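Contents: one structure, followed by commentary.
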Amino acid sequence: GPAGSGKTTICVGLACEHLLAGKIEKIIITRPVVESGGGLGYLPGSFHDKIHPYLVPVMDEMSKYISSSGIDYIKKNNILEVCPLEYMRGRNFHQSFMILDEAQNATHEQMKMFATRMGRQSKCVINGDIEQSDLPHSMRGALEKWLETLSDIEGVSVVELDFSDIIRNDIIAKILSVLE
């Protein structure tokens, strides 16, 4: 869906709902780290400090469902795991709600690696806006291809949002419609 249509809001809300209802034991959140300059290695601080800015939008949404002390608790007890996409290989996430946010910035290989980490009794949500990729043109298109290819598989659902779904601010739909 387009900017402001609630992609992150919906998947984070569902993850929190599943956690609070006891349907899952863990929430896994990731986003592609798309650099726009010097790269993560040049940012000051620990690895957590470097990845934090990429995940602020997801954590902002989570704070609508879980208190800040609750978020601190689930982080400290490894119930909420912020896992950089680049470090997921070889992992298994059972009884988890996995979120790949901003998937338009993920390559096909990254998306495949993410989806194949899904363990037993887990849910996996991949969201993004194919119109807002920050990848070089030669690397774009994975999310769009996945939408086309996987929509007919039993157990896979595709939800497409459009300008009428924009909840952030009504003016966004007007701006996007004239820019297309």
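The values are calculated or read from the model by the stated rules, or taken from the named source; none is laboratory data. What you see is a predicted model; the values in this text were computed from it and never measured. Note that each Cβ is placed from the backbone with ideal geometry, even for glycine, and that neighbours are counted across all protein chains shown. Heads up: the accessible areas ignore ligands, DNA and RNA and are worked out on the full protein's heavy atoms, side chains in. Shrake-Rupley method; radii C 1.70, N 1.55, O 1.52, S 1.80 Å.
If the segment from Asp60 to Ile130 were pulled out straight at 0.36 nm per residue, it would be longer than the present Cα-Cα gap by 22.9 nm. How much net charge surrounds Ser164 when only other residues with a Cβ under 14 Å from its Cβ are counted (Lys, Arg +1; Asp, Glu -1)? For residues surrounding Ser164, the net value is -2. Compute log10 of I(q)/I(0) for segment 86-180 with the Debye formula, placing one identical point scatterer on every Cα and leaving out solvent, at q = 0.12, 0.13, 0.16, 0.25 Å⁻¹, to two decimals. Each listed q maps to, in turn, -0.46, -0.54, -0.78, -1.36.
Each residue, Glu25 and Met118, gets one label point 7 Å from its Cα in the Cβ direction; the gap between the two is 2.0 nm. For His48 and Glu154, a Förster radius of 45 Å and the Cβ-Cβ distance give a FRET efficiency of 0.70, rounded to the nearest 0.05. Surface composition of segment 93-180: carbon plus sulfur atoms contribute 50% of the solvent-accessible area (1.4 Å probe, protein chains only, all chains present).
Taking all protein chains into account, the per residue accessible area for the chain stands at 59 Å² (1.4 Å probe). Given Lys123/Lys174; Lys7/Lys75; Lys145/Lys174; Lys23/Lys174, which pairs have Cα atoms separated by over 32 Å? Check vs 32 Å cut-off fails for Lys123/Lys174; Lys23/Lys174. When the helices of the chain are scored as -39500 (n - 2.57) per DSSP H run of n ≥ 4 and the total is divided over every residue, the value at 222 nm lands at -11000 deg cm²/dmol.
A full extension of the chain between Ser68 and Leu14 corresponds to an added length of 17.6 nm, given 0.36 nm per residue minus the alpha carbon distance.
The overall shape of the chain is rounded: from the C-alpha gyration tensor, with semi-axes ordered a ≥ b ≥ c, the ratio a/c is less than 1.5. Local charge for Gly128 was computed over the other residues whose Cβ lies under 10 Å away, with Lys and Arg +1 and Asp and Glu -1, and equals -3. If R0 is taken as 41 Å, the Cβ-Cβ distance between Ser177 and Asn77 corresponds to a FRET efficiency of 0.35.
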